[in-house]
Amino acid sequence: MDPIRVGLLGLGVVGGGTWKVLKRNGQEIARRAGRSIEVTRVAVRDVAKARALLGPDVVVGADPHAVVCDPNIDIVVELIGGDTLARELVLEAIANGKDVVTANKALLAKHGSEIFAAASAQGVTVAFEAAVAGGIPIIKAMREGLTANRIEWVAGIINGTTNFILSEMRSRGLPFATVLAEAQKLGYAEADPTFDIEGVDAAHKLTLLASLAFGIPVQFDRAYIEGITKLTAKDILLAERLGYRIKLLGITKRRPEGIELRVHPALIPSKSLLANVEGAMNAVLVRGDAVGQTLYYGKGAGEEPTASAVVADLVDVTRLHTADPGHRVPHLAFQPDAMADTPILSIDDVITSYYLRLTVADQPGVLADIARVLADSGMSIVSMIQEPNESGDTAELIFLTHLALERKVNQAITRIEQLPFVRSTVTRLRMESLA
Ligand code: NDP
Ligand code: HSE
């Protein structure tokens, strides 16, 4: 059978890795796909550099539109990133009847509905395994392996850069900026690392997971997003002493009122499996009604781990070239005409446990007054510690609470911050038992 011809847009970290893996494992991959998969055309900005890597058999140019219009290309692999040019190119490829493979979660989280609708109308596939959790086949697992289940919730560490930063800060006491620079050097970070550290990248991925889990449209603009930039070394250490570890989690949960969709740092029990996911590793915990909890773990970023997912999609799409478009696995797991309109809940309506830390004057009645405010807001305390400060006249109080409604917690925090003996704002972190 003739080889399938791939047009590669971008030859950076992931594009370069994809080229290498296809070269190294080409024969084995062809045995699995049923025909060989060959990169025949590439678009990059630095053409000379790419030519030196690819050799004379690949057409290299600086115009990505020429690749998506090339009638000799069967599958377009978009690895440029961003959501402007990439959107244009993906829609153009689809309009030209080409299947698309992409690792671009920013693109799909923002324009997924438009792109999947265009692909369905054209009878082509847009495959995006590499867009969530790098090398972990979480999309295939959720879309196919767990298809018998009513998914209840998904919780994951889905950004390698922030997990690397938190791990290194905790275990080696390194400063934030040093570890971020290291993550950029290792190729984990996004072109704009604010996307990583402010939780945006994790929210892009979580948005896609929520659609796959609950059969809802892709709604990135409804996600609650809080990154790790406001976390202090003090909270990381205090959490550790209390038996917790702080992780940037993406959580999406089905509730009778709607769906929680949120990314934020959270304390999780330090003995839990997720707490022990360190460095740039990713892990996704999925709770289905039939299977219970399943955990998916692996490298969430980097050259070859991400290429592993890109090439897996290439093999799937190659196999699909002989399948009737109407009988393919739907892009978002559920049939396009069976999507639900369950609302995404506001962060105010989220129910979880909390870690609250504040500085107070060390005087009688303080604990009683704070406990009263918490009780008035329906919050029940699990444990409390008091740490005297060096000056001796103030103390640090840390409360861990039972489940509470975020709106009530915020009201309580406002009231606590107005108490005359309170000397700081209240640091509020969410806690997840993952039970
Ligand atoms: P890089 O910045 O390393 O590579 C981008 C590539 O796109 C470069 O080869 C660049 O060319 C090329 N490019 C950029 N603009 C143009 C243009 N206008 N015309 C032609 N080529 C262009 O990015 P990554 O490989 O890290 O990321 C690619 C995608 O994969 C992104 O969507 C990212 O979010 C996603 N992703 C990345 C992961 C990672 O670990 N890095 C993991 C999972 C997903 P040149 O080199 O010549 O400038
Ligand atoms: N910047 C992303 C991360 C790359 O750090 O996880 C993988 O999507």
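The values are calculated or read from the model by the stated rules, or taken from the named source; none is laboratory data. In this text the structure is predicted, and so the values were computed from the model without any measurement. A quick note on method: Cβ atoms are made from the backbone with ideal geometry, for glycine too, and the neighbour counts reach across all protein chains shown. For accessibility, only protein heavy atoms count, side chains too; no ligands or nucleic acids. Shrake-Rupley method; radii C 1.70, N 1.55, O 1.52, S 1.80 Å.
Restricting to the range 82-105, name every residue that is within 19 Å of the chain's Cα centre (by Cα) and surrounded by fewer than 22 Cβ atoms within 10 Å (Cβ to Cβ).
Matches in the range 82-105: Gly82, Asp83.
Going through Val67, Val39, Val47 one at a time, which residue ends up being within 16 Å of ligand 1 (Cβ to nearest atom), at pLDDT 95 or above and within 19 Å of Ala130 (Cα to Cα)?
Values: Val67 fails: within 19 Å of Ala130 (Cα to Cα); Val47 fails: within 19 Å of Ala130 (Cα to Cα).
Only one candidate qualifies: Val39.
Scan the range 327-347 and report the pairs whose first residue is open to solvent by 40 Å² or more (accessible area, probe 1.4 Å) and whose second residue is in a loop (DSSP other than H, G, I, E, B) and β-branched (Val, Ile, Thr), with Cβ atoms within less than 6 Å and a gap of 6+ or a chain change.
Pairs found: Thr342/Ile216.
What tally of residues in the range 294-315 results from selecting those that are open to solvent by 20 Å² or more (accessible area, probe 1.4 Å), touching a strand residue (DSSP E or B) at 6+ places or on another chain (Cβ under 6 Å) and either more than 10 Å from ligand 1 (Cβ to nearest atom) or within 20 Å of Val154 (Cα to Cα) (or both)?
4
Within 15 Å of ligand 1 (Cβ to nearest atom) and of a type outside the set (A, V, I, L, M): which single residue out of Gly97, Gly81 fits that description?
Details: Gly97 fails: within 15 Å of ligand 1 (Cβ to nearest atom).
Within the list Gly97, Gly81, the selection yields Gly81.
Quick check on the range 160-180. Is at least one of its residues more than 23 Å from Pro336 (Cβ to Cβ) and within 10 Å of ligand 1 (Cβ to nearest atom)?
We begin by selecting, within the range 160-180, every residue more than 23 Å from Pro336 (Cβ to Cβ); these are 160-180.
If we keep only those that are within 10 Å of ligand 1 (Cβ to nearest atom) too, we end up with 160-161.
Scanning the range 160-180, I find at least one residue that is more than 23 Å from Pro336 (Cβ to Cβ) and within 10 Å of ligand 1 (Cβ to nearest atom), so the answer is yes.
May I ask you to list the residues in the range 134-145 that are more than 13 Å from ligand 1 (Cβ to nearest atom) and assigned to a loop (DSSP other than H, G, I, E, B)?
Looking only at the range 134-145, we keep the residues that are more than 13 Å from ligand 1 (Cβ to nearest atom), and these are 137, 140-145.
Pro137 - this is the single residue of the range 134-145 that is more than 13 Å from ligand 1 (Cβ to nearest atom) and assigned to a loop (DSSP other than H, G, I, E, B).
Looking at the range 380-425, which of its residues are assigned to a loop (DSSP other than H, G, I, E, B), more than 28 Å from the chain's Cα centre (by Cα) and not small (Gly, Ala, Ser)?
Narrowing the range 380-425 to residues assigned to a loop (DSSP other than H, G, I, E, B): 380, 389-393, 402-403, 418-421, 423-425.
Now narrow it down to the ones that are more than 28 Å from the chain's Cα centre (by Cα): 380, 389-393, 418-421, 423-425.
Across the range 380-425, the qualifying residues are Asn389, Glu390, Asp393, Gln418, Leu419, Pro420, Phe421, Arg423, Thr425.
Tell me which strands (runs of 3 or more DSSP E) are completely within the range 15-133 and hold 1 or more residues being among the charged types (D, E, K, R) and in the same structural domain as Val311 (by TED's automatic domain parsing), or say none if there are none. Step through it out loud before you land on a result.
On the way: elements: 37-43, 59-61, 75-78, 99-102.
Fully inside the range 15-133 and qualifying: 37-43, 75-78, 99-102.
Cβ-Cβ under 6 Å, sequence separation 6+ or interchain: first residue in the range 120-134 and among the hydroxyl-bearing types (Ser, Thr, Tyr), partner open to solvent by less than 20 Å² (accessible area, probe 1.4 Å). Which pairs?
Close Cβ pairs (under 6 Å, with a partner that is open to solvent by less than 20 Å² (accessible area, probe 1.4 Å)) amount to Thr125/Asp99; Thr125/Val317.
What is the residue count in the range 368-421 for residues that are more than 14 Å from Leu358 (Cα to Cα), among the polar types (S, T, N, Q) and either assigned by TED's automatic domain parsing to the domain that holds Pro269 or open to solvent by 60 Å² or more (accessible area, probe 1.4 Å) (or both)?
Count: 2.
What's the number of the only condition in (1) under 27 Å from Ala435 (Cα atoms); (2) of a type in the set (Phe, Trp, Tyr); (3) modelled with pLDDT under 90 that Trp153 fails to meet?
(3) is the only condition that Trp153 fails.
Test Glu152 against the criterion of being of a type in the set (D, E, K, R) and away from ligand 1 (no atom under 16 Å from the Cβ), and give yes or no. So that I can check it myself, show each step before the final result.
Working: of a type in the set (D, E, K, R): yes; away from ligand 1 (no atom under 16 Å from the Cβ): yes.
Answer is yes for this residue.
Could you count how many residues in the range 269-328 are away from ligand 2 (no atom under 16 Å from the Cβ), charged (D, E, K, R) and within 21 Å of Val14 (Cα to Cα)?
Of the residues in that region, 1 qualify.
Scan the range 181-200 for residues that are more than 13 Å from ligand 1 (Cβ to nearest atom), within 30 Å of Gly288 (Cβ to Cβ) and of a type in the set (D, E, K, R) and report the count.
Looking only at that region, the number is 0.
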